[in-house]
Amino acid sequence: MKVLGVDPGTSVTGYGVIETGNGTPGMGRLVECGVIRLAGRTPLPRRLHALHEHITELITRHHPGILALENAFYHKNVHTTLVLGHARGVVLLAAEQAGLAIAEYAPATIKKTVVGAGGAPKAQVGRVVARLLRLKDAPRPADAADGVAVALTHILRS
């Protein structure tokens with residue numbers, strides 16, 4: 001089975017696709033990871049539309065069995081939290097339209113599951129992701145490693 005992990009954002013969204021089963025060793029095999037960059041000065045509706053198209057394309061190309069998504073966190077800036085909620089909604093919509101199962105995890109749960117500490121820094125998350133998946137280096141940029149960590153969280157918790 002393939003798991004698509006997504007760390008949503010309206011400027012940068014990290015993602016990772018991990019395949020498990022079929023004789024894949026350990027935590028599975030990293031199929032693809034990366035980031036979806038959206039122009040910051042572009043109006044929000046246009047960025048959300050582009051995010052939806054990118055996520056839909058990833059789903060179409062990889063046929064994951066489940067989409068694992070990072071929950072919104074509560075930020076000091078209410079506007080930031082609200083905009084992040086919009087990005088999450090677009091990702092949820094794409095998953096629902098594709099008929100995928102959806103799993104959601106809090107940021108601290110992802111870090112605690114993957115690293116062992118809920119307050120782990122991004123660099124540490126990347127290093128542990130690389131070790132768990134037997135990669136030479138951590139996925140780059142850090143947002144891609146975060147997307148992979150979301151997928152790993154689902155694999156480790158299910």
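Laboratory data are not the source of any read-out in this text; all were calculated from the coordinates shown. This structure is a prediction, so every number in the text was calculated from the model and none was measured. Don't worry about glycine lacking a Cβ; one is built from the backbone with ideal geometry, like all the others, and counts go over all protein chains shown.
Within the stretch 80-148, list the trypsin sites (Lys or Arg not before Pro) lying in a DSSP loop whose Cβ has at most 10 other Cβ atoms in a 10 Å radius. Loop-located and lightly packed - Lys136.
Modelled spin-label separation between Glu57 and Ser11, with each label point placed 7 Å from Cα along the Cα-to-Cβ direction: 2.2 nm. Dipole magnitude for the chain: computed about the Cα centre from +1 point charges on Lys and Arg Cβ and -1 point charges on Asp and Glu Cβ, it is near 440 debye. Sparsely packed loop sites in the stretch 1-86 (the chymotrypsin sites (Phe, Trp or Tyr not before Pro) outside DSSP H, G, I, E and B with at most 10 other Cβ atoms within 10 Å) comprise Tyr74.
Where does the Debye-calculated log10 I(q)/I(0) of the stretch 73-127 sit at q = 0.17, 0.20 Å⁻¹, using only Cα point scatterers of equal weight, no solvent? Rounded to two decimals, the profile gives -0.74, -0.90.
For the chain, the percent of C-alpha pairs falling in each 10 Å distance bin, counted from 0 to the bin holding the largest distance, reads 12, 44, 35, 9, 0.
Close amide H partners of Ala106, meaning residues 5 or more places away or on another chain with modelled amide H under 5 Å apart, are Asn71.
All other residues with a Cβ under 14 Å from the Cβ of Arg47 taken together, and with Lys, Arg as +1 and Asp, Glu as -1, what is their net charge?
Values: positive: Arg37, Arg41, Arg46, Arg88; negative: Glu53.
Cβ neighbours under 14 Å give a net charge of +3.
Placing a pseudo-label 7 Å from each Cα along the Cα-to-Cβ vector at Leu135 and Ala101 gives an inter-label distance of 2.4 nm. With the simple spin-label model, which puts each label point 7 Å out from Cα in the Cβ direction, the Arg157 to His79 separation comes to 3.1 nm.
Report for the chain the percent antiparallel among DSSP-assigned beta bridges with both residues inside it, nearest 5.
60
Summed over qualifying helices (DSSP H, 4 residues or more, each -39500 (n - 2.57)) and divided by its residue number, the chain shows a 222 nm mean residue ellipticity of -15500 deg cm²/dmol.
For Asn22 and Ala39, compute 0.36 nm times the residue count separating them, minus their Cα-Cα distance, and round to one decimal in nm. Let's see the in-between values first.
Working: separation 17, 0.36 × 17 = 6.12 nm, distance 3.88 nm.
Separation in residues times 0.36 nm, less the Cα-Cα distance, equals 2.2 nm.
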